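See structure below.
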Amino acid sequence: MELWSADVYYARRPHTYPSGENNPPMKNVFSRRGFVSSTGLVATSFAASTHALAWLPQPQPPDEASPIRLGVASYTFRNFNRAQLLGFLKQLGISAVNLKDVKDHLPSDPQQEAAALADYAAAGIKPHAAGTVYFDKNEDADIRNKFEYCKRAGISVVVAGDPGVETLPRIEKFVREYDIQLAIHNHGPEDKLWHSPLDVLKAVKDLDPRIGCCIDVGHTVRAGTDVVQAIHEAGPRLFNVHMKDLANFQEKDSQVAVGEGKMPVPRIFQALVAIGYKGFVDLEYEIHPDDPMPGAIASFAYMRGVLAGLGYTTPR
């Protein structure tokens, strides 16, 4: 598959934008074409409108390495096997991945897991998180099995789905034993427990500091929470970010490529820098599961463009 920049993609592929029009809607701040050209970004576009950039801080010195590290949630490629996933990561210029036990991305069987890890190492891919991992049993044996799964992979963050509040003290014992961070993933209004990162923070405030949040920005805004405020409130308890974009913050099915919707990506990145965030921002592109690459390519082009506009360079 040829690696297209976002501009080339929009030029070659018919596309309907959230407005229903054939042409991209104008945005008040940071339109996609303001960020992306055939090389991935256009730095000069940021000087075009001082009004649009008036709220930005003084740019960082040119060529400063980005403090924001971009990765991929392998769930984006849930309909593709590990060999295909590796090919997609190479095309995207991404070497960090949040792996899930889906297809053969990171199997829970120890021998199969070892084979997968050998493939990633050979390709220069570093797994940095696992998940979403579901803690649906309040039992030592089940919890230990999941921490062993992450330990074998050398993973420092387990992204946790729906652990019950009553299970957290038991999980805390394993967080301490294995020295692995637990990042509880919020799933929006439909989630019985964790609608918003703020719900997570209330529940974990008295627990080990290695228990905190994975902020899914899409589910956060659908829960009616200001995602930038949530990042600041999470502070050192923020261990992972799942990035996506929505055309309508009230509609789960309005997901679009990052930069094409309403998500305040520049402000999100600024907030992460402000809190000294050390984790990864993982693209979780959940739509078009049989053809995710065009949206993934466009999303990374936009995010890299945002970082360039903030004065940072990102590795390719």
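Taking 0.36 nm per residue of separation and subtracting the Cα-Cα distance, full extension of the segment from ASN248 to ALA115 would add 43.7 nm.
Listed values for region 134-145 are Karplus-derived 3J(HN,Hα) couplings in whole Hz (6.51 cos²θ - 1.76 cosθ + 1.60, θ = phi - 60°), namely 9, 9, 9, 10, 8, 9, 4, 4, 5, 5, 4, 4, and x replaces Gly and Pro. Dipole magnitude for region 79-171: about 400 debye, using +1 per Lys or Arg Cβ and -1 per Asp or Glu Cβ, origin at the Cα centre.
The modelled label-to-label distance between GLU233 and LEU193, using points 7 Å beyond Cα along the C-beta direction, is 1.9 nm.
Equivalent-ellipsoid semi-axes for region 92-181 (Cα gyration tensor, √(5λ), whole Å, largest first): 24, 13, 12.
GLU172 to ASP291: FRET efficiency via 1/(1 + (r/R0)^6), r the Cβ-Cβ distance, R0 45 Å, to the nearest 0.05? The computed FRET efficiency comes out at 0.60. Amide H to amide H, with H built 1.01 Å from N, TYR134 comes under 5 Å of GLY161, counting only residues 5 or more places away or on other chains. Applying a threshold of 19 Å to the alpha-carbon distances of LYS137/LYS192; LYS126/LYS151; LYS137/LYS173; LYS151/LYS192; LYS151/LYS173; LYS100/LYS173 flags LYS151/LYS192; LYS100/LYS173 as lying beyond it. The peptide list 174-181, 101-108, put in order of mean Cβ contacts within 10 Å with the highest first, becomes 101-108, 174-181. An ellipsoid equivalent to region 68-217, defined through the eigenvalues of its Cα gyration tensor, has semi-axes of 26, 17, 13 Å when rounded to whole angstrom and sorted largest first. Against the compact-protein benchmark of 2.2 N^0.38 Å, the Cα-based radius of gyration of region 248-294 scales to 1.36.
Here region 180-285 is described by how far its Cα atoms reach on the three principal axes: 37, 31, 21 Å, from widest to narrowest.
Think of each Lys and Arg Cβ as +1 and each Asp and Glu Cβ as -1; about the Cα centre, that makes the dipole of region 261-316 roughly 420 debye. Pop the C-beta distance of TYR134 and ALA65 into the FRET formula with R0 = 41 Å and round what comes out to the nearest 0.05. E(calc), rounded to 0.05, equals 0.70.
Bear in mind that the values in this text are calculations on the coordinates, not laboratory data. Bear in mind that the values here come from a model prediction, so they are computed numbers and not experimental data. We place every Cβ from the backbone using ideal geometry, glycine too, and count neighbours over all the protein chains shown.
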